[in-house]
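Heads up: the structure comes next, in structure tokens.
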Protein chains: 6
Amino acid sequence: MEVTVNRHAHFNAAHRLFNPAWDDAKNSAVFGKCSNPRYHGHNYELIVSVTGPVDPETGYVVDMGWLKELITERVEEYLDHKNLNEEVDDFASLNPTVENIAVVIWKRLRPKLDLKYKLKVTLYETPRNFAEYSGT
Amino acid sequence: MEVTVNRHAHFNAAHRLFNPAWDDAKNSAVFGKCSNPRYHGHNYELIVSVTGPVDPETGYVVDMGWLKELITERVEEYLDHKNLNEEVDDFASLNPTVENIAVVIWKRLRPKLDLKYKLKVTLYETPRNFAEYSGT
Amino acid sequence: MEVTVNRHAHFNAAHRLFNPAWDDAKNSAVFGKCSNPRYHGHNYELIVSVTGPVDPETGYVVDMGWLKELITERVEEYLDHKNLNEEVDDFASLNPTVENIAVVIWKRLRPKLDLKYKLKVTLYETPRNFAEYSGT
Amino acid sequence: MEVTVNRHAHFNAAHRLFNPAWDDAKNSAVFGKCSNPRYHGHNYELIVSVTGPVDPETGYVVDMGWLKELITERVEEYLDHKNLNEEVDDFASLNPTVENIAVVIWKRLRPKLDLKYKLKVTLYETPRNFAEYSGT
Amino acid sequence: MEVTVNRHAHFNAAHRLFNPAWDDAKNSAVFGKCSNPRYHGHNYELIVSVTGPVDPETGYVVDMGWLKELITERVEEYLDHKNLNEEVDDFASLNPTVENIAVVIWKRLRPKLDLKYKLKVTLYETPRNFAEYSGT
Amino acid sequence: MEVTVNRHAHFNAAHRLFNPAWDDAKNSAVFGKCSNPRYHGHNYELIVSVTGPVDPETGYVVDMGWLKELITERVEEYLDHKNLNEEVDDFASLNPTVENIAVVIWKRLRPKLDLKYKLKVTLYETPRNFAEYSGT
């Protein structure tokens, strides 16, 4: 018997969409105003979903307080109030699209969870655009 | 490695629930006030979800600007501010329930997406009732 | 000491924007697709706000169960699943814009509330458009 | 061809997290303020999701009015405005975590649905914490 | 020139509606299931609104970080995960309706704010019921 | 008789909190991580509220399509996907706090509205922090 528990979190960041292998004209043609060299930014809203058995003693899949702390340490402290392109190692050569940020978050959380759990990350870049990644 | 990207959209429409094979009494008995012959209506809120590999050059599953345009052309221009029963070909003989509208939207979008992508449509008829269709 | 209590409610309806004093061309020019003669519709989300003293015995401004019933009787039964233009007396010669619907709702509730209370109506036509009326 | 229909509902309840096999010190160490012996409470927001074929005559997976009634009878009347630990049989010896409440709701609904339908329950304990259970 | 800044916060609590001057039958008749002697509970969502001049040096009405801390100290630590009737001094003889809780919160914050600021408290008992108090 | 109509809009931008009259140490001490020299960003959600008489011919306070266009021209084209500190004239020497941005938006819209209308701007910097300005 498996249950999924989900925890919301959030962070704010600046970014631009940019492929360093392309010149400015191509970046601008492909990414439009999202490639503004002086950056724009977002309120990223995050849902972390952990699926696994319910511990019969606690009634928890995982302790939500522990999960909240894990997200603070591994995601918020790494990304909150940052310039993703300039200040976050993972995006030194990786374009910080909502897809890639979701994958990076997943990879930062996965090693901290026992392998008996499945992990999914849902990341809202705006209330109208969001991405999901489950590691497969 | 597959990621899902999701895009919100919306349209407003009038409809009534109605099976033309039934008489008025049966329509009224089965569908209640939703079968009012003079129609009622909804703000339909739509989420279109596309699952596929992340393009290593763009960091995109698909360009969200392109997806937004596709939804405008294939869904909003077809359904927005319409009377679904009287003005939309797909519902000439198909009851415009939230289930059937979701399937119609999926069928209108599917041919426009490369087969390497999976497509899911989530359609809110009200904030309290919604349907999902993935083509299977 | 005055407190405001607020209660949500909702109804679905079909309507078209239409001024019977104008010909079709002018209605279409002014109201665009909102004037579609075959109607479109909305999920109207309503907030009814009552301001007044807190009863020291109950701790209530007004009983929210009573307010809920009042909204059901005076608003939902009158407007829900209706064609506003064709089936609702107030709109026989009044254009059912969100402004006018808010005023009509206010006028239907006002006589049922003691004069010591202030009344405000907030009406969402869509999540993006809404109107407020306080009777002044 | 399968579609999922989803219906929102809600109930309010008091609870505390508590394992009767543990002494007070251990309950407090594991569950913190959630184990307050005098209880705290939540607005539980529920989404019930039913997946199955669309009936060609009605255009429904299931009648949403029927589903609404079923949730009222099997969930809301059982849990609304209750103290989950003291007044609800299922939690006499089961810790009322959001995981366990979701499973209990699923088990109360499952026998009422034809086996051709899949059932999923999503339960929000707060807007920031929620659980999902699909019976597997 | 005055601007209003608003900050969200939240707490969970158990309560029952109860007037100690009345017997059980009258409490039950007036408050219904909200008077359940074993309590129920809510996720209270709070908006604290401060109106005043914008400081020309900071561009702030008040520092939102300071306001967040103030709400934590004066509201959340006092009410979160509590039984309002049994554990909160203000409700020893005051019925914990949403109206009265909003007034109590306002009174706990008001002395901490300079008199040049106006203060308003908005308190959601559920997503469908809420109260507002401005001190007048 | 006056009604208020409200229209949602949104834009994304990068910014930092910064007073050029202060040195870096003081900016950092006062504004914390919000003063990161490499910027962070937000999804700004905007509500523009116009209060005035209802035109008896149209049933409108103002045409919401016209208001939407006005917001696009005066607000979104000026602020969307911009670095507020570096690229927006109004913030060349004004700290782009949510308070100041709300005032700037109000000042850009006010001259475009007839004086018979009142104007209010509500600006969400995050779902948890927002400011309101009415011009007084």
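Does C:Ala29 qualify as being modelled with pLDDT of 95 or more, out of contact with any Ser or Thr (no Cβ under 8 Å at 6 or more places or on another chain) and not basic (Lys, Arg)? For C:Ala29, the condition - modelled with pLDDT of 95 or more, out of contact with any Ser or Thr (no Cβ under 8 Å at 6 or more places or on another chain) and not basic (Lys, Arg) - is met. Checking B:His40 against (1) under 18 Å from the mean Cα position of the chain (by Cα); (2) more than 13 Å from chain C (Cβ to nearest Cβ); (3) crowded, with 21+ Cβ neighbours inside 10 Å; (4) free of Cβ contacts under 8 Å to residues at least 60 places away in the same chain, only one condition comes out false. Which one? With respect to (1) under 18 Å from the mean Cα position of the chain (by Cα); (2) more than 13 Å from chain C (Cβ to nearest Cβ); (3) crowded, with 21+ Cβ neighbours inside 10 Å; (4) free of Cβ contacts under 8 Å to residues at least 60 places away in the same chain, B:His40 is out only on (2). Against the list (1) touching a strand residue (DSSP E or B) at 6+ places or on another chain (Cβ under 8 Å); (2) aromatic (Phe, Trp, Tyr); (3) more than 14 Å from chain B (Cβ to nearest Cβ), the condition C:Phe11 fails is (3). Residue count for the stretch C:14-37 satisfying the condition of being open to solvent by 60 Å² or more (accessible area, probe 1.4 Å) and facing another protein chain (nearest Cβ under 7 Å): 1. The set of residues in the stretch D:102-122 being touching a residue at least 60 places away in the same chain (Cβ under 8 Å) and surrounded by 22 or more Cβ atoms within 10 Å (Cβ to Cβ) consists of D:Val121 alone. Screening the stretch F:64-87 for residues that are of a type in the set (A, V, I, L, M) and either within 14 Å of chain E (Cβ to nearest Cβ) or open to solvent by 10 Å² or more (accessible area, probe 1.4 Å) (or both) and picking the one that is nearest to F:Val5 (Cα to Cα) gives F:Met64. For the stretch C:123-136, the candidate set comprises residues that are closer than 30 Å to C:Val54 by Cα and crowded, with 19+ Cβ neighbours inside 10 Å; within that set, the residue that is nearest to the chain's Cα centre (by Cα) is C:Leu123. Residues in the stretch F:44-61 that are open to solvent by 10 Å² or more (accessible area, probe 1.4 Å) and either modelled with pLDDT under 95 or under 20 Å from C:Phe91 (Cα atoms) (or both): F:Pro53, F:Val54, F:Asp55, F:Pro56, F:Glu57, F:Thr58, F:Tyr60. Restricted to the stretch C:52-63, and to residues there that are facing chain E (nearest Cβ under 8 Å) and in contact with a strand residue (DSSP E or B) (Cβ under 9 Å, 6 or more places away or on another chain), the residue that is nearest to C:Ala13 (Cα to Cα) is C:Val61.
The values are calculated or read from the model by the stated rules, or taken from the named source; none is laboratory data. Everything numeric here is computed off the predicted structure, so don't read it as measured data. All Cβ positions, glycine included, derive from the backbone under ideal geometry; neighbour counts span all protein chains shown. For the accessible areas, the whole protein counts, side chains as well, though only heavy atoms, and no ligand, DNA or RNA atoms are used. Shrake-Rupley method; radii C 1.70, N 1.55, O 1.52, S 1.80 Å.
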